[in-house]
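The values are calculated or read from the model by the stated rules, or taken from the named source; none is laboratory data. The structure displayed is predicted, hence computed values, not measured ones. Positions of Cβ are backbone-derived with ideal geometry, glycine not excepted, and every protein chain shown enters the neighbour counts. Side chains included, ligands, DNA and RNA excluded: accessible areas come from the protein's heavy atoms. Shrake-Rupley method; radii C 1.70, N 1.55, O 1.52, S 1.80 Å.
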Amino acid sequence: MICDNISVNEKGHLTFNGYDTVELAEKYGTPLYLMDEDKILQHVREYAAAMKKHMPEGSKPEFAGKAFCCRQIYRLLKDEGIDIDVVSSGEIYTASSAGFPMERAYFHGNNKTDRDIEFAMESKVGCFVVDGLDELEAVNRIAGEKGVTQNIILRVTPGIDPHTHKKISTGSVDSKFGTAIETGQAMEITKKALACENIKLLGFHCHVGSQIFESDPFVTAGEIMIKFIFDVKTETGFEAGLLNLGGGLGVRYTENDPEICYEEKIAEVASSVKSLCKDFGIKEPKIMMEPGRSIVADAGMTLYSVGTVKEITGYKNYVSIDGGMTDNPRYALYESPYTVILASRANDNKDFTASVVGRCCESGDIIQENVALAKPKRGEILAVLTTGAYNYSMASNYNRVNRPPVVMLNSEKDYLAVKRESLEDLCSLDI
Ligand code: LLP
């Protein structure tokens with residue numbers, strides 16, 4: 001199996017973190033998001049320990065909540081001592097109402113409204129990741145109105161192509177995110193930030209993209225960033241104490257994706273940053289990384305019930321499930337590969353090939369094409385693996401489909417973290 005938390009039991013049922021998925025589907029209904037709490041904590045601890053071991057003192061990961069955001073994840077992370085990346089008033093509210101200490105939050109986003117900025121300051125968010133000039137001025141003005149000094153880092157674009165899907169590549173000069181180093185605008189905004197009365201500049205941030213398996217893009221980003229930190233020191237005397245290299249390490253969606261050792265990648269990036277600091281004669285900044293996908297993706301699995309099985313003679317076969325692009329839009333958006341398994345008969349011969357499709361009125365409502373599995377019967381349980389990142393957080397109510405619940409699994413118990421949306425919930429804001 002692609003991850004060690006997945007197996008098959010004596011009944012031939014797929015198991016997840018030791019739980020029989022067919023029994024979980026009976027208990028909670030389908031569609032159903034499962035999250036393996038133990039796996040989430042394993043990844044968090046692996047990142048935190050590796051960064052502590054290989055990087056300068058104070059270096060640590062931030063969990064990027066956009067990958068999976070609900071109150072329970074922040075409760076789990078609170079005691080782990082890691083920081084979080086938040087991108088909206090909604091994420092800030094979710095984390096702070098779960099009791100997460102907001103001084104450990106970094107506020108991202110390329111277009112924070114004045115209201116977002118005010119709300120973040122009222123929620124005592126520790127650090128803003130300022131994306132551009134307009135925002136710098138707004139943060140300075142609002143901090144002044146509130147009588148606070150706001151810690152910030154500046155998001156800059158190092159001008160790198162990380163060789164990933166273009167919709168999840170973000171570090172190029174023409175990106176909508178950040179301020180480009182190449183054009184001189186990053187230096188300009190740095191000088192402006194240093195001159196702002198109500199702002200304390202701590203350092204710099206970059207994020208090159210997502211689902212990246214090699215360390216090269218991070219090493220290259222590190223090189224450009226350290227050189228930039230040196231140039232800033234030379235021109236202004238300001239020496240950055242913090243360098244955030246963003247998120248983006250990849251995960252295995254299928255057997256075709258390589259296995260990845262996060263500690264190894266972290267060590268490679270760390271050793272490059274360290275030797276560059278030495279070469280440039282600057283002090284080693286504290287390093288932050290912002291993993292989202294690699295913390296939660298393989299901690300997730302989605303269970304569906306099979307509905308219509310359609311064989312179009314001479315053409316193709318369809319297996320329709322009781323969810324689809326509303327709970328997992330990633331094939332529709334990126335043609336993302338997934339491993340699909342008939343959980344009810346996981347050991348049976350995979351002699352039927354079909355497109356697994358959702359129930360929306362939309363031909364693009366596809367979970368995966370060309371899936372080989374035992375021919376499923378109506379009512380059997382189908383599992384899609386590695387759905388812990390960017391599934392629940394990107395779910396929608398298109399076709400007025402209610403969103404599935406999230407059930408957490410740990411070594412002691414299974415429990416609801418998010419309830420199933422009811423039909424009433426769907427109309428709760430309608431006048
Ligand atoms: N930091 C920043 C500033 C980001 O923009 C992102 C992701 C992350 C960290 C976390 O990246 P990760 O470790 O999860 O790769 N919806 C897409 C992914 C978009 C990622 C957006 N930013 C997907 O489903 O693949």
Which numbered condition trips up Ile282, out of (1) in contact (Cβ under 8 Å) with a residue 60 or more places away in the chain; (2) open to solvent by less than 60 Å² (accessible area, probe 1.4 Å); (3) not in a helix (DSSP H, G or I)? (1)
Of the numbered conditions (1) under 23 Å from the mean Cα position of the chain (by Cα); (2) more than 20 Å from Glu91 (Cβ to Cβ), Lys419 fails exactly one; give the number of that condition. (2)
Take residues that are open to solvent by 80 Å² or more (accessible area, probe 1.4 Å) and more than 16 Å from the ligand (Cβ to nearest atom) and tell me which of the strands (runs of 3 or more DSSP E) falling wholly in segment 356-429 contain 1 or more. 366-373, 414-418
Which pairs have Cβ atoms under 7 Å, sit 6 or more apart or on different chains, and link a residue in segment 82-104 that is charged (D, E, K, R) to one that is assigned to a helix (DSSP H, G or I) and more than 13 Å from the ligand (Cβ to nearest atom)? Asp83/Arg104
Only one of His43, His54 is under 20 Å from the mean Cα position of the chain (by Cα) and not assigned by TED's automatic domain parsing to the domain that holds Ser411; which? His43
Within segment 71-85, take every residue that is more than 16 Å from the ligand (Cβ to nearest atom) and touching a Lys or Arg at 6+ places or on another chain (Cβ under 8 Å) and give me the one that is nearest to Cys127 (Cα to Cα). Gly81
Selection from segment 295-351 of residues within 16 Å of the ligand (Cβ to nearest atom), farther than 30 Å from Ala50 by Cα and among the aliphatic types (A, V, I, L, M) yields Met325, Ala332, Leu333
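Table: residues versus (1) in contact with a helix residue (DSSP H, G or I) (Cβ under 6 Å, 6 or more places away or on another chain); (2) modelled with pLDDT of 95 or more; (3) in the same structural domain as Lys60 (by TED's automatic domain parsing); (4) surrounded by fewer than 21 Cβ atoms within 10 Å (Cβ to Cβ).
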residue: Ala98; (1), (2), (3), (4): yes, yes, yes, yes
residue: Tyr106; (1), (2), (3), (4): no, yes, yes, no
residue: Leu133; (1), (2), (3), (4): yes, yes, yes, yes
residue: Arg141; (1), (2), (3), (4): no, yes, yes, yes
residue: Gly144; (1), (2), (3), (4): no, yes, yes, yes
residue: Gly147; (1), (2), (3), (4): no, yes, yes, yes
residue: Gln150; (1), (2), (3), (4): yes, yes, yes, no
Would you confirm, using the coordinates I've provided, whether Ala195 is surrounded by 18 or more Cβ atoms within 10 Å (Cβ to Cβ) and modelled with pLDDT of 95 or more? no
Subset tally (residues that are within 16 Å of the ligand (Cβ to nearest atom), within 20 Å of Asn5 (Cα to Cα) and part of a helix (DSSP H, G or I)) for segment 43-70: 5
